[in-house]
Amino acid sequence: MDDIEIIELYWQRSQEAIARTDIKYGGMCRGISYSILSSREDSEECVSDTYLTLWQRMPPERPGYLRAFIAAIVRNLSLKCLRSRSSLKRGGGEAALALEELEGCVASGSDVEKDYDFKELCAAIENFLRSLPQAERDIFICRYWLFLPGGETAKRLGLSKSRVNTSLFRTRQKLAEYLRKEGFI
C-alpha cells in the first residue's frame with residue numbers, strides 16, 4: 001500500500017491505517033526509537049505513542065512525505081522519553097553521546113535556547129546540511145538525526161568505520177566554523 005492510501009485511511013478514520021502504518025514503517029520506527037533509548041520496552045511504547053499521534057494529527061494534517069513525518073514524530077517522542085528518564089544527565093545511550101559530540105559545535109556550555117533564537121539556529125544548520133556533499137550529509141544525518149553508532153552508520157552506508165568517524169569529525173569542525181561565521185558561536 002502506498003503512502004497516499006495510508007494517509008487516506010487516517011482521513012477516513014479507518015483502524016486499518018495503524019495496521020498498514022505498522023506493516024510499512026514499524027521497523028523503521030522501532031529502529032529509530034531503539035537507537036535513542038536502547039530499551040525495547042520504551043521503544044515499543046514510543047512506537048505506540050507515534051501511532052496515537054498520527055491518529056490525532058491526521059486529519060487535519062495531510063503530510064507530503066509520510067516517512068519523514070513518521071520519523072520526526074517517533075524521534076521526538078523517543079527524545080522526550082529519554083529526557084524524562086534523565087539519561088542525558090547520566091550520560092547513557094547513543095543519543096546522549098551524539099548530543100555530547102555536537103556540544104562543541106553549538107555553544108560552549110551555554111543553553112542555545114536562551115542565547116539564540118532556536119528557529120534561526122535550526123535554519124542555519126539546515127542550510128549548512130544542504131551545502132554538504134550527499135555522502136557527508138548522509139553520514140551526519142545517520143549519526144545526529146537517527147543517533148546510529150559509527151559502526152552501524154558505516155554498515156548502512158557501505159563505508160568503513162574510520163571513514164565515517166573521520167567524516168563526522170571534519171563535518172563537526174565545518175559546522176562549528178559555519179555557525180561561528182553566522183554569529184551563533
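Tabulated results
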quantity	calculated
GluC sites (Glu not before Pro) within the stretch 1-47: DSSP coil, no more than 16 neighbouring Cβ in 10 Å	none
Residue-span extension gain [Glu45 to Lys161] - 0.36 nm each, minus C-alpha spacing	38.6 nm
Cubic angstrom per residue, convex hull over Cα atoms of the stretch 125-185	73
Total formal charge among the other residues, if their Cβ is under 14 angstrom from that of Arg20, Lys/Arg +1 and Asp/Glu -1	-3
Average projection area in nm² (convex hull over Cα atoms of the stretch 1-64, one quarter of hull surface)	4.2
In the stretch 10-49, the trypsin sites (Lys or Arg not before Pro) that fall in loop regions by DSSP, at most 13 other Cβ within 10 Å	Arg13
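Read-outs: derived from the displayed coordinates by stated rules, not from any lab. All figures in this text were calculated on a predicted structure; none of them were measured in a lab. Methodologically, a virtual Cβ is constructed for each residue, glycine included, from the backbone with ideal geometry; neighbour enumeration extends over all protein chains shown.
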